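Chemist: Could you have a look at this structure, given as structure tokens, before my questions?
What follows is calculated from the coordinates using simple rules that are stated; it is not laboratory data. Not measured: the values here are computed from a predicted model. For neighbour counting, all protein chains shown are included, and Cβ atoms are generated from backbone atoms with ideal geometry for every residue, glycine included.
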Amino acid sequence: MDGVGFVGLFVVLLVAAGITWGIVALVRRQRYIKSLRDRGWTFVNSPTFEAVARLGNPPFGLGFRRQPDDQIVGHTSLGRPFQVIEYATEHWSGWVGMVTLSRRLPELWVTGGETQPRYGVDATVVPAPQLGPGWQVGALDQTFASAVLTSQVAERLHALAAGQAGVNLSIDGDQLVVLDPPRKEVELLGPWLELLATVAAAIDAAPLDAWIQPEQPARLTFYHHPDWYWVGVDDSLLHLPPVTQSGHGHSTSEVVRGRDGDGPPFVAFTHHWKTTRTETYTDSEGRTQTRTVTENHSEAILGFQLPARMPWLQVGKRGFSRGISFESAAFNDQFAVTAQDTKWAYDVIHPRQMEYLMANPPVSFRIADDWAWFSPGDHNQPTIAHCSLFLRGFLARIPRFVWRNLGLPDSPYPTVDAAPVR
């Protein structure tokens, strides 16, 4: 057999092997799904976002790319609802199992064995003598953590961990959530869910009514930003001033709206558009030809709606242009400020404001009418959070007389200290 014939045979064998593997995988999947349904459970091949909409703690509540996949739902033997779902984000992918609690409670994190704390968790490690060595507990409220970890709950957690490499468990609203359930084998998944339900029952039996959390709208939210929510697409935003108007095929994606506390509401999204140009080139035979080239573009848009219309003002890093000169040489060396009205700039950028800006250098931003527009470069959750916190501090340092001159009775933002933005 010559070389060409051998290569052809090898390709045929590879294709045949791929088809065989695909058939075997399909048969196994169908048998797996049947074994789930034989237990009275429901298998959903493509669940909607409603499956995870009320979950806000990691791995949920992080990032813009959230993808729920295969889902198993049902009830344990005592009627407690459960869900096992495949989930992926920019930061994590895997399977998550959860059972329903009787109350919505604050976040609590429990890890034991060989597991590590989850990506993105912002909690304080609290003592957990009830669990013994090898366990770690995180919470925002140590008193709540102590109230949850009764001796009965600790006993049930140890039972859940028995025979496993570790446990990575959390409370997320009214769900008791655990990473990496034994979902591949139904004969193991069933007993595991029953054990997890006993942990939930022990938590339900604890005196925790003082910590009941209010019901939240069923929408995709963000960890530690309860008033942020996911919109996805909203092309009505394409008329906003910072959006590039040239080109064609304009669209929006990853639209997020919200606010932080009493700070100004924001909108953040990615703007996509295309440009088309005609260019000439010489082909392989030396003839001049023309062709149409289409290029794709995108930009991050982040704006905060202000409580009053303000004169135009821009703050950016010092470049070739010095901008308005202020009394601080250190500030002038670091920033370039331009404004519609120099007096307005001096009223807003006073010495205390300059100290705040130098301690917390922001990305370039400009105030125009009743919006503050940032130039973030990237569209992501940490950037939005940082700009939101920075702007809240910036606005709080605008003097009261300035707000009164703008038509407000007083400053809409209580004074804050000069601590750096983190």
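Chemist: Could you estimate the translational diffusion coefficient of the chain from the Stokes-Einstein equation, with Rh from the Kirkwood formula over C-alpha pairs, at 20 °C and 1.002 mPa s, in whole µm²/s?
Modeler: The Stokes-Einstein estimate is 82 µm²/s.
Chemist: Determine the dipole magnitude for the stretch 229-405: charges of +1 sit on the beta-carbon of Lys and Arg, -1 on that of Asp and Glu, nothing else is charged, the reference point is the Cα centre, and the result goes in debye to the nearest 20.
Modeler: Charge dipole, the stretch 229-405, about its Cα centre: 520 debye, nearest 20.
Chemist: Lys/Arg Cβ at +1, Asp/Glu Cβ at -1, dipole of the stretch 229-405 taken about the Cα centre: which of 338, 229, 353 is farthest positive-ward?
Modeler: 353
Chemist: At a temperature of 20 °C and a viscosity of 1.002 mPa s, determine how fast the stretch 229-405 diffuses translationally according to Stokes-Einstein, using the Kirkwood radius over alpha-carbon pairs as Rh; express D in µm²/s, rounded to the nearest whole number.
Modeler: The diffusion coefficient I find is 117 µm²/s.
Chemist: As I understand it, the dipole of the chain uses +1 on the Cβ of Lys and Arg and -1 on the Cβ of Asp and Glu, about the Cα centre. Which of 121, 384, 401 lies farthest toward its positive end?
Modeler: With unit charges placed on the Cβ atoms, the residue in question is 401.
Chemist: Taking Cα atoms, how many degrees apart are the long axis of helix 151-161 and the longest axis of the chain, rounded to 10 and kept between 0 and 90?
Modeler: 80 degrees
Chemist: Let me ask another. Counting other beta carbons within 10 Å of each residue's own, what order do 229, 281 fall into, fewest first?
Modeler: In order of increasing Cβ crowding within 10 Å: 281, 229.
Chemist: Hey, another quick one. Once you keep just the Cα pairs under 8 angstrom separated by 6 or more residues, what percentage relative contact order results for the stretch 36-211?
Modeler: Contact order relative to length: 23 percent.
Chemist: GNM on the chain, C-alpha springs below 10 Å: top fluctuator among 233, 110, 52?
Modeler: Fluctuation is largest for 233.
Chemist: Could you calculate the contour length gain from residue 29 to residue 380, that is, 0.36 nm times the residue separation minus the distance between their Cα atoms, to one decimal place in nm?
Modeler: Extending this stretch completely gives an extra 122.7 nm.
Chemist: Counting helices only, and only those DSSP H runs with n ≥ 4, report the 222 nm mean residue ellipticity of the chain as the sum of -39,500 (n - 2.57) divided by its residues, in deg cm²/dmol to the nearest 500.
Modeler: -9000 deg cm²/dmol
Chemist: Relative to the longest principal axis of the C-alpha atoms of the chain, give the angle of the C-alpha long axis of helix 381-396, reported between 0 and 90° and rounded to the nearest 10°.
Modeler: Value to nearest ten degrees: 40.
Chemist: Under unit Cβ charges (Lys, Arg +1; Asp, Glu -1), what dipole magnitude, rounded to 20 debye, does the chain have relative to its Cα centre?
Modeler: 280 debye
Chemist: Taking θ as phi - 60°, what are the ³J(HN,Hα) couplings along the stretch 113-129 by the Karplus curve (6.51, -1.76, 1.60), each to the nearest whole Hz, with x for Gly and Pro?
Modeler: These are the phi-based 3J(HN,Hα) values: x, 8, 6, 10, x, 6, 4, x, 6, 10, 8, 9, 5, 10, x, 9, x Hz.
Chemist: Using the Karplus curve 6.51 cos²θ - 1.76 cosθ + 1.60 with θ = phi - 60°, what ³J(HN,Hα) values do you get for each residue of the stretch 248-262, in whole Hz, with x for Gly and Pro?
Modeler: 8, x, 6, 7, 10, 8, 6, 6, 10, 10, x, 7, 10, x, 8
Chemist: Moving on to the next point. Step through the residues of the stretch 306-319 one at a time and calculate ³J(HN,Hα) from phi using the Karplus curve (6.51 cos²θ - 1.76 cosθ + 1.60, θ = phi - 60°), rounding each to whole Hz and writing x for Gly and Pro.
Modeler: Karplus values, whole Hz, x for Gly and Pro: 8, x, 7, 6, 10, x, 5, 8, 10, 10, x, 5, 5, x.
Chemist: Out of residues 5 or more away from residue 70 or on other chains, whose amide H comes under 5 Å of its own, with H placed 1.01 Å from N in the peptide plane?
Modeler: 86
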